[in-house]
Amino acid sequence: MVIDVLRNDELETQEKMMLLLFYLGMADRYQLAKLLVRSVHTVDQTIKRLNKKSKEEKHIQSCTAPFNKGPRMYQLGPAGWKWVMGWLEEDRRYYERSESQKRHYRRMTEILIRLMHAMGRDEALDRLRFYNTYEATEMFRYPWEVVRWQEWQDVKLKQEEEKELPRPDLCLEIDDSSFWIEYDTANESPTKIKAKYRRYYRAFNQLAARASSRKPVVWVTTSRSRVELMKSWLEVVQREWEFRDMKNPPPEMLFFKEGEETSYFLESLAVRT
């Protein structure tokens, strides 16, 4: 995961870059430079050197910025994916990120960069853990994996039940405190957002007080007006008959305009310091 990569002094810059793009999904050259503590020029030259290694398949692919605004985005190419799979000793299927995901990935990475800057790099690397969507989803579903192990030998049933569980965008750990993070690009409809709320509410209703998946859900979005809308949609869901008499406490959901969440995380850190 991201923090482990940044802490690993045995990795070369090009190796760290490929691993970062694997875990982050996508990033722009300025984000890579900040995370790697390298110049943008070094980032550009590293990408060029990597892509010269294979004439047929690129290690790192570039694509246009979200909405054609801002710096270009980068993701792993087939050759880079193969290298990462070899390094991790895994065999996941390669896929390219879609056009619609570019803004999502960029903004999720900014959450990490803002927090690292506010904490200071050394302290952040020592006290933070930052898990991507794949890792966060696996972490969330773990209690079901344990409790439903026997029933989930039925692959079809397992797939059906997993579809009903939330898929957090990220998981952030600061010392002993943990948070699920959802980044909202303000492009999804109220119907889709409320469906996400319901998945969290249904899942938390099955979680005991000390279940590992019981963490606050932090929603980060684009504007103050969007924050207020998302809060109002949550109030609608909370009033639905299904959630009026829950056997276990509902999730704690917090909403922030992007940038504001940093102060919340720092306050959580200060309380426990």
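The values are calculated or read from the model by the stated rules, or taken from the named source; none is laboratory data. As the structure is a prediction and not an experimental result, all values here were calculated from the model. Because the Cβ atoms are built from the backbone with ideal geometry, glycine has one as well, and the counts that use them run over all protein chains shown. With ligands, DNA and RNA removed, areas are computed over all heavy atoms of the protein, side chains included. Shrake-Rupley method; radii C 1.70, N 1.55, O 1.52, S 1.80 Å.
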Restricting the first residue to region 1-28 and requiring it to be closer than 13 Å to Leu112 by Cα, which pairs with a second residue that is surrounded by 19 or more Cβ atoms within 10 Å (Cβ to Cβ) and of a type in the set (Gly, Ala, Ser) meet a Cβ separation below 7 Å and a spacing of at least six or different chains? Leu20/Ala27
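Select from region 63-82 the residues that are small (Gly, Ala, Ser) and under 11 Å from Glu96 (Cα atoms) and list them in ascending order. So that I can check it myself, show each step before the final result.
Filtering region 63-82 for residues small (Gly, Ala, Ser) gives 65, 70, 77, 79-80.
Scanning region 63-82 gives a single hit, Gly77.
Please count how many residues of region 130-150 are among the basic types (Lys, Arg) and either surrounded by 18 or more Cβ atoms within 10 Å (Cβ to Cβ) or touching a Ser or Thr at 6+ places or on another chain (Cβ under 7 Å) (or both). First the steps, then the outcome.
Kept after step one, since they are among the basic types (Lys, Arg), are these residues of region 130-150: 141, 148.
Next cut, either surrounded by 18 or more Cβ atoms within 10 Å (Cβ to Cβ) or touching a Ser or Thr at 6+ places or on another chain (Cβ under 7 Å) (or both) only: 141.
Total meeting the criteria: 1.
What residue, of Trp87, Trp83, is surrounded by fewer than 17 Cβ atoms within 10 Å (Cβ to Cβ) and either in contact with a helix residue (DSSP H, G or I) (Cβ under 9 Å, 6 or more places away or on another chain) or of a type in the set (A, V, I, L, M) (or both)?
Trp87
Among the residues of region 155-174, write down those that are charged (D, E, K, R) and open to solvent by less than 80 Å² (accessible area, probe 1.4 Å). So that I can check it myself, show each step before the final result.
First pass over region 155-174, keeping only residues charged (D, E, K, R): 156, 158, 160-164, 167, 169, 173.
Those that are charged (D, E, K, R) and open to solvent by less than 80 Å² (accessible area, probe 1.4 Å): Lys158, Glu161, Glu162, Asp169, Glu173.
Pick from Ser177, Ser263, Ser223, Ser213: which is open to solvent by less than 40 Å² (accessible area, probe 1.4 Å), among the polar types (S, T, N, Q) and farther than 23 Å from Glu145 by Cα?
Numbers: Ser177 fails: farther than 23 Å from Glu145 by Cα; Ser263 fails: open to solvent by less than 40 Å² (accessible area, probe 1.4 Å); Ser213 fails: farther than 23 Å from Glu145 by Cα.
Step by step, each of Ser177, Ser263, Ser223, Ser213 is checked, and only Ser223 is open to solvent by less than 40 Å² (accessible area, probe 1.4 Å), among the polar types (S, T, N, Q) and farther than 23 Å from Glu145 by Cα.
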Residue list for region 152-199, filter: more than 15 Å from Trp233 (Cα to Cα) and among the hydroxyl-bearing types (Ser, Thr, Tyr): Ser177, Ser178, Tyr183, Thr185
Check off (1) of a type in the set (A, V, I, L, M); (2) closer than 17 Å to Met108 by Cα; (3) part of a helix (DSSP H, G or I) for Val220 and give me the number that stays unchecked. (3)
Could you please give the count of residues in region 120-141 that are under 13 Å from the mean Cα position of the chain (by Cα) and not acidic (Asp, Glu)? 10
Listed residues Arg38, Arg93, Arg97; which is outside any helix (DSSP H, G or I) and modelled with pLDDT of 95 or more? Arg38
Consider Gln31 carefully, then state whether it is open to solvent by less than 60 Å² (accessible area, probe 1.4 Å) and either in a helix (DSSP H, G or I) or modelled with pLDDT of 95 or more (or both). yes
Sort through Tyr201, Tyr183 and tell me the only one that's aromatic (Phe, Trp, Tyr), open to solvent by less than 20 Å² (accessible area, probe 1.4 Å) and more than 19 Å from Met1 (Cβ to Cβ). Tyr201
Given the criterion open to solvent by 50 Å² or more (accessible area, probe 1.4 Å) and of a type in the set (D, E, K, R), identify the matching residue among Arg97, Arg93. Arg93
Write out, first by first residue and then by second, each pair whose Cβ atoms fall under 6 Å of each other, whose residues are 6+ apart or on separate chains, and whose first residue, in region 43-72, is closer than 30 Å to Asn187 by Cα and in contact (Cβ under 8 Å) with a residue 40 or more places away in the chain while the second is in a helix (DSSP H, G or I) and open to solvent by less than 30 Å² (accessible area, probe 1.4 Å). Ile60/Ile47; Ile60/Leu50; Ile60/Gly80; Pro66/Lys102
Looking at region 221-256, which of the residues that are within 26 Å of the chain's Cα centre (by Cα) and of a type in the set (Phe, Trp, Tyr) is nearest to Ala208 (Cα to Cα)? Phe255
If I ask for residues that are within 18 Å of Ser232 (Cβ to Cβ) and either open to solvent by 50 Å² or more (accessible area, probe 1.4 Å) or not in a strand (DSSP E or B) (or both), which ones from region 245-259 would you list? Pro250, Pro251, Glu252, Lys257
Mind telling me which of the residues Leu266, Leu229, Leu172, Leu234 ends up being aliphatic (A, V, I, L, M) and either without any contact (Cβ under 8 Å) to a residue 12 or more places away in the chain or under 19 Å from Ala136 (Cβ atoms) (or both)? Leu172
